[in-house]
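Every number here is computed from the coordinates shown, using simple stated rules; none is lab data. Keep in mind that what you see is a predicted model, and the values were worked out from it rather than measured. Glycine gets a Cβ as well: all are built from the backbone with ideal geometry, and neighbour counts include every protein chain shown.
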Amino acid sequence: MTIAFVFNGQGAQYQGMGKELYDDYLEIRATFEEASKTLGFNLEQICFEENNCLNETRYTQPAILTVSVAISRLLINKFGIKPAYVAGLSLGEYSALVVSGRLSFSDALKIVQQRGKFMTEAVPNNQGSMMAVMGLSSDRIASICQLVSSKGLVAPANYNMPNQTVISGELEALAFAKTLLKEAGAKAVIPLNVSGPFHTPLLEPAAKQLEQELTHYQFAKSDIPLISNVTGEVITAENCQSLLVQQVKSPVLWQKSVETLSNEGVSVFIEIGPGTALSHFIKKITKGKTIYNVEKTTHLTELVELKNKGDLIC
């Protein structure tokens, strides 16, 4: 039984994420406290109390990272549920870096805090966004994006699963693309809960800043393979940092990443953190896999019971 931990990215956040496990487990609270000290602001307040901050990129990224790492630590250190592989969608790749031991949690927090800042500065709020397109092939979506180029940049940004591709770009171009996509037969075109046109060339300035920022950090080698968003293949020690830079401005190959994990023999996928989007994608990409989501105490209890009965072998 080969287990992969997979981690969601920006857009999965919601007020109160992680609160149930935070209340129930000291280990979760300790990770939040560590994050707050590193970041210099009260992360519990951002995540658990009503405010307008959680959807701001500079807060969203460390918040999702913290929830994901906290739950992973609980699974690994308290319950002995460990991954053989890791992968994360977009921001989730940083959770995968921490859990696989390539990057310390404190360093990852500092990096994503700066990453969020760079992304916001590259394209300020309300100048771009992202939309999920259902029911059209990725090739058809790409051709429609090219048709609207006179209105501004819009391009495929996340290849999530068969018949779902996320597009990203400038607002006027997105609005025009939405009209054409619906005329072409798209079943749905849904705006995402993000504050910018991520994973497009519009983020080139952020990529350059991130490249410089990453020179200040050490990345360790790991025995746990991590699948890259940019290539859909296993990251090597030599290309880890360059792929993180490319990731900011390049499409996320999530479908290919899951196919790679499946071909590597992964039979159990555990989605960790807010939301269930990755579980849905995985079900559409590959068949015959066991998929769990761990976000609340009930999810965790069910998973631990399976392990104790011998139905989940780590």
> Counting pairs of alpha carbon atoms under 8 Å apart in space and at least six apart in sequence, what relative contact order in percent does the chain give?
Replying inline: 25
>> I need V304, V69 ordered by Cβ neighbour count within 10 Å, fewest first.
In response: V304, V69
>> For Cα pairs less than 8 Å apart in space and 6+ apart in sequence, what is the mean separation divided by the residue count of region 128-194, i.e. the relative contact order in percent?
In response: 46
>> Please compute the contact order of region 105-225 in relative form: average sequence separation of alpha-carbon pairs under 8 Å and at least six residues apart, divided by the residue count, as a percent.
In response: 35
> Any idea what angle helix 254-263 forms with the longest principal axis of the chain, computed on alpha-carbon atoms, 0 to 90 degrees, nearest 10?
Replying inline: 40
> Hey, fewest Cβ within 10 Å first, where do C145, C240, C53 land in order?
Replying inline: C53, C240, C145
> Which FRET efficiency value, to the nearest 0.05, do you get for E20 and E172 by plugging their Cβ-Cβ distance into 1/(1 + (r/R0)^6) with R0 = 30 Å?
Replying inline: 0.15
> Efficiency by 1/(1 + (r/R0)^6): what FRET value for T120 and E233, r their Cβ-Cβ distance, R0 = 35 Å, to the nearest 0.05?
Replying inline: 0.70
> For region 226-257 and region 182-218, what is the separation of their Cα centres, given in Å?
Replying inline: 14
> Between their Cα atoms, which of K256/K283; K256/K284; K78/K110; K37/K117; K78/K283 are more than 23 Å away from each other?
Replying inline: K78/K110; K78/K283
> At I190 and E33, where each label point lies 7 Å from the Cα along Cα→Cβ, what is the point-to-point distance in nanometres?
Replying inline: 3.8
>> Just to be sure I understand: of the beta bridges DSSP finds with both ends in the chain, what percent are antiparallel, rounded to 5?
In response: 50
>> Please give me the summed charge of the neighbours of C145: other residues whose Cβ is under 12 Å from its Cβ, Lys and Arg +1, Asp and Glu -1.
In response: +1
